[in-house]
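My questions will all concern the structure given below.
What follows is calculated from the coordinates using simple rules that are stated; it is not laboratory data. Computed from a predicted model, the values in this text were never measured in an experiment. Cβ sites come from the backbone with ideal geometry, for glycine too, and all protein chains shown count toward neighbours.
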Amino acid sequence: MSDRKYRRILLKLSGEALGEGISDNVAVGLDFFKIHAVCEVIRQCHDLGVQIGLVIGGGNFWRGVKNGSGKMQRSHGDAMGMLATVMNAIAVADVLGQHGLDARVLSAVEMNKFAEYFTRDRADRYLNEGKVVIFAAGTGNPYFSTDTGAVLRGVEIEADAVLMAKNIDAIYSADPHKDPNAVRYSHLTYDKVLADHLKATDSTAMTLAMDNRMPMVCFALNPPENILRVVRGEEIGTTVTI
């Protein structure tokens, strides 16, 4: 147990991280090789005694703003995005089961055939029982990102930290692919992230985390073993605090 830094975490994965084929520079569909790799690392974290809440984006199936912009009403596009997160949650729960973990999908929107309805107390009970809890359907409302949903669930379950597994290894002062002088940060405050408009996640998610004094770690999902490294307390990526 001493090998872990956190007792309870909220881990956020992008949907694109689970995708396979590339469409418009975005991985789409489901790559079960990637999913198995991530689930094996989640199992290793669980074996350390870490309680794990999980939020998965839906961008490998649908991105409400990008795919629906100018073509449909925003609320309808966001509803499709919420449904995409449910599909990802069901897939990951199945694979976690193959790795010996009991995973439960809790949805912010009632759909009893596919997932249980989210309540804070139900999630807390499952986590204390050693189950992996996957939070699906975002916040249940349009205009909120899955990153915001991840912070919200992290605050609700009183996680020790929100771990944002991204497609970039840290927060930078600018896009490192475009600016060779971009500064890589290992530690930041929420005030600086918001004041400098740093591209970590959306401002709603950052503000919610700041207001609730929720630590956030932003790091690269590739390789998936980075999740375990963060859980053990290795300083990779960028840690954001008050």
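About its Cα centre, what dipole magnitude does the chain give when the only charges are +1 on Lys and Arg Cβ and -1 on Asp and Glu Cβ, stated in debye to the nearest 20? Kindly include the intermediate steps, with their values, before the conclusion.
Details: 26 positive and 29 negative charges, 37 e Å.
Here the size comes out at about 180 debye.
Using a ≥ b ≥ c from the Cα gyration tensor of region 161-242 (square roots of the eigenvalues), is it rounded, prolate or oblate, where a/c under 1.5 gives rounded and otherwise the larger of a/b and b/c decides, a/b for prolate?
Numbers: a/c = 1.86, a/b = 1.04, b/c = 1.78.
Cα axes put region 161-242 in the oblate bin.
Now, a different point. Which of the GluC sites (Glu not before Pro) found in region 136-242 are in a DSSP loop and have at most 14 neighbouring Cβ atoms, other than their own, within 10 Å?
Values: sites: 156, 158, 225, 234, 235; in loops: 158, 234, 235.
Here the sparse-neighbourhood loop sites are 158, 234, 235.
Could you pull out which residues in region 38-74 have an amide N less than 16 Å from a spot 7 Å beyond the Cα of residue 229, following the Cα-Cβ vector?
Inside the label zone: 38, 41-42, 45.
So what is the diffusion coefficient of region 122-205 in µm² per second by Stokes-Einstein at 10 °C and 1.306 mPa s, using a Kirkwood Rh over Cα pairs? Intermediate results must be reported in sequence, preceding the final value.
Numbers: Rh = 14.9 Å.
For these conditions, the coefficient is 107 µm²/s.
With an 8 Å cut-off on Cα pairs and a minimum separation of 6 or more residues, tell me the relative contact order of region 8-241 in percent.
Details: 472 pairs, mean separation 49.3, N = 234.
The value is 21 percent.
Of the lysine pairs in region 102-242, how many meet both conditions: Cα atoms under 22 Å apart, and a spacing of 8 or more in sequence or different chains?
Numbers: 113/131; 166/178; 166/192; 166/199; 178/192; 178/199.
Lysine pair count for region 102-242: 6.
If you don't mind, there's one more thing I want to ask. Could you pull out the trypsin sites (Lys or Arg not before Pro) across region 39-93 that fall in loop regions by DSSP (anything but H, G, I, E, B) with no more than 10 other Cβ atoms inside 10 Å? Walk me through the numbers on the way to the answer.
Working: sites: 43, 63, 66, 71, 74; in loops: 63, 71.
Passing both the DSSP loop test and the Cβ count: 71.
Additional query: How high is the relative contact order of region 1-128, given as a whole-number percent (alpha carbon pairs under 8 Å, six or more residues apart)? Display every interim value, and only then the final one.
Numbers: 174 pairs, mean separation 29.1, N = 128.
Taking the mean separation of contacting Cα pairs over the length of region 1-128, I get 23 percent.
Something else: For residue 173 and residue 113, what is the calculated FRET efficiency with R₀ set at 51 Å and r taken between the beta-carbons, to the nearest 0.05? All intermediate terms of the calculation are to be shown ahead of the outcome.
Details: r = 47 Å, r/R0 = 0.92.
The computed FRET efficiency comes out at 0.60.
Quickly estimate the mean residue ellipticity at 222 nm for the chain, helices only: each DSSP H run with n ≥ 4 gives -39500 (n - 2.57), and the total goes over all residues, rounded to 500. Present the calculation step by step, with values, prior to reporting the outcome.
Working: 8 runs with 88 residues, N = 242.
Counting only the DSSP helices, I get -11000 deg cm²/dmol.
Then there is this: Which trypsin sites (Lys or Arg not before Pro) from region 154-209 combine a DSSP loop assignment with at most 15 other Cβ atoms within 10 Å? Each step should come with its number before you reach the end.
Details: sites: 166, 178, 184, 192, 199; in loops: 178, 199.
Passing sites in region 154-209 are 178, 199.
Take every DSSP beta bridge with both residues inside the chain and express the antiparallel ones as a percent of the total, to the nearest 5. List each step's numbers first, then the result.
Working: 8 of 37 bridges.
That works out to approximately 20 percent antiparallel.
Tell me, what HN-Hα J-couplings in whole Hz come from the Karplus equation 6.51 cos²θ - 1.76 cosθ + 1.60 at θ = phi - 60° for each residue of region 92-106, using x for Gly and Pro?
Per-residue couplings from phi come out as 5, 4, 4, 5, 4, x, 5, 9, x, 9, 8, 10, 10, 9, 10 Hz.
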